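Asker: I'd like to ask some things about the structure below.
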Amino acid sequence: MVAQMKIGILAVQGDFDAHAAVIARLGAEPVLVRVPADLAGVEGIILPGGESTTQLHFLKEEGLKDALEKFAARGGAFFGTCAGAILLAREVRNPAQESLGFADLVVARNAYGRQLSSHVRFGPCKLKAEPLEMVFIRAPIIEQQGSGVEVLAEAEGHPVLVRQGRVLVATFHPELTGDTTVHEYFLKLVRNGDRTAL
Ligand code: GLN
């Protein structure tokens, strides 16, 4: 039997269970990551939505921030959604906050006005021919991106799904829809690294 690919899911706070269910459905093994030792054998890690300030606090308290830096240095792949996108960004605004900085992005937290702060939309995405369902919940806005960042989907004039090398970032929540397109793409990224085609 071929060993299942292990995908870590940061499980200190937020909607990690929803990601674990999608990963299992796609035939990979979800591994809930709460302490550095949980990263053993993991090839890619998902940073879920939730509250990024709280998540950052736990990351530091558990020694996970250093462990994730080592994981990145050994070529591990990352997929951050919403709060996870905030953790991966190079610079965080509104308010400023420390971050891992693995993606060359400047993000502003809670940046949609009240009316749009939580909403669902269908929009074009380079990963599929049909419009992709995107669930936004108090989402950040990507205000700037570096030249090495590929935009895979945009909404309201801002990127909402981007990739830089082995780092995939969504400001929305693909784990909350029945559409597994974005997670399937992440598994390809874990398997094929920088050579992954669209
Ligand atoms: N507003 C949250 C934050 O700033 C992110 C919201 C989410 O992950 N759905 O951390």
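Asker: May I ask for the distance between the Cα centers of segment 108-133 and segment 151-198, given as a whole number of Å?
Answerer: Taking the Cα centre of segment 151-198 as reference, the centre of segment 108-133 is 13 Å away.
Asker: Also: From the phi angles alone, apply the Karplus equation (6.51, -1.76, 1.60; θ = phi - 60°) to segment 21-37 and give each ³J(HN,Hα) in whole Hz, x where the residue is Gly or Pro.
Answerer: Those phi angles translate into 5, 5, 4, 5, 4, 8, x, 9, 9, x, 10, 6, 10, 10, 9, x, 4 Hz.
Asker: For the chain, build the charge dipole from Cβ charges (+1 Lys, Arg; -1 Asp, Glu) around the Cα centre, then report which of THR177, ALA73, LEU56 sits farthest towards its positive end.
Answerer: ALA73
Asker: Still on this structure, I have one more. Arrange CYS82, CYS125 by Cβ neighbour counts within 10 Å, fewest through most, would you? Provide the component values of the computation, followed by the final result.
Answerer: On the way: CYS82 28, CYS125 24.
Going from least to most buried by this count: CYS125, CYS82.
Asker: Give the long-range amide H neighbours of VAL33: residues separated by 5 or more places, or on another chain, with amide H under 5 Å away, using H modelled in the peptide plane at 1.01 Å from N.
Answerer: Hits under the 5 Å cutoff: ILE9, LEU10, ALA11.
Asker: Among VAL106, VAL120, PRO140, whose Cα sits farthest toward the positive end of the charge dipole of segment 91-175 (+1 at Cβ of Lys/Arg, -1 at Cβ of Asp/Glu, about the Cα centre)?
Answerer: Going by the charge dipole, the pick is VAL120.
Asker: Under 20 Å from a point 7 Å along the Cα-to-Cβ line of GLU98: which residues of segment 6-34 have their amide N that close?
Answerer: In segment 6-34, the label zone of GLU98 (backbone N under 20 Å from the point 7 Å along Cα→Cβ) covers 10-14, 34.
Asker: With n ≥ 4 as the cut-off for DSSP H runs, can you work out [θ] at 222 nm for the chain, using -39500 (n - 2.57) per run divided by the number of residues, rounded to the nearest 500?
Answerer: On the way: 5 runs with 48 residues, N = 198.
One gets -7000 deg cm²/dmol as the mean residue ellipticity at 222 nm.
Asker: Continuing with the same structure: To the nearest 20 debye, what charge dipole does the chain have about its Cα centre, counting +1 at the Cβ of each Lys and Arg and -1 at the Cβ of each Asp and Glu? Display every interim value, and only then the final one.
Answerer: Details: 20 positive and 23 negative charges, 45 e Å.
That gives a dipole near 220 debye.
Asker: I need the peptides 174-187, 54-67 ranked by packing, meaning the mean over residues of other C-beta atoms within 10 angstrom, with the highest value on top. Walk me through the numbers before you get to the answer.
Answerer: Numbers: 174-187: 19.9, 54-67: 16.1.
Highest mean packing first, the order is 174-187, 54-67.
Asker: When the Karplus curve 6.51 cos²θ - 1.76 cosθ + 1.60 is applied with θ = phi - 60°, which whole-Hz ³J(HN,Hα) does each residue of segment 52-61 get, with x for Gly and Pro?
Answerer: Each residue of segment 52-61 in turn: 5, 5, 5, 4, 4, 4, 5, 4, 6, 4 Hz.
Asker: So, with +1 on the Cβ of K and R and -1 on the Cβ of D and E, and no other charges, what is the size of the charge dipole of segment 45-86 about its Cα centre, to the nearest 20 debye? The partial results should precede the final answer.
Answerer: Details: 4 positive and 5 negative charges, 33 e Å.
With only Lys, Arg, Asp and Glu charged at Cβ, the dipole is about 160 debye.
Asker: With a point put 7 Å past each Cα toward its Cβ, work out how far GLN115 is from ALA129 in nm, to one decimal.
Answerer: A separation of 3.5 nm, rounded to one decimal place.
Asker: Looking at the chain only, what percent of DSSP beta bridges run antiparallel? Nearest 5 please.
Answerer: Numbers: 21 of 41 bridges.
Once the DSSP bridges in the chain are tallied, antiparallel ones form about 50 percent.
Asker: Let me ask something else about it. Quick check on packing: order 39-49, 88-98, 146-156 by the mean number of other C-beta atoms within 10 Å, highest mean leading.
Answerer: Values: 39-49: 21.5, 88-98: 17.1, 146-156: 15.2.
With the highest mean Cβ count within 10 Å placed first, the list reads 39-49, 88-98, 146-156.
Asker: Continuing with this model, one more query. Running a GNM on the chain with Cα contacts under 10 Å, which residue among ALA37, ALA72, ALA18 ends up with the highest mean-square fluctuation?
Answerer: ALA37
Every number here is computed from the coordinates shown, using simple stated rules; none is lab data. Every value quoted in this text rests on a predicted model; they were computed, and no experiment measured them. No Cβ is skipped: glycine too gets one built from the backbone with ideal geometry, and neighbour counts run over all protein chains shown.
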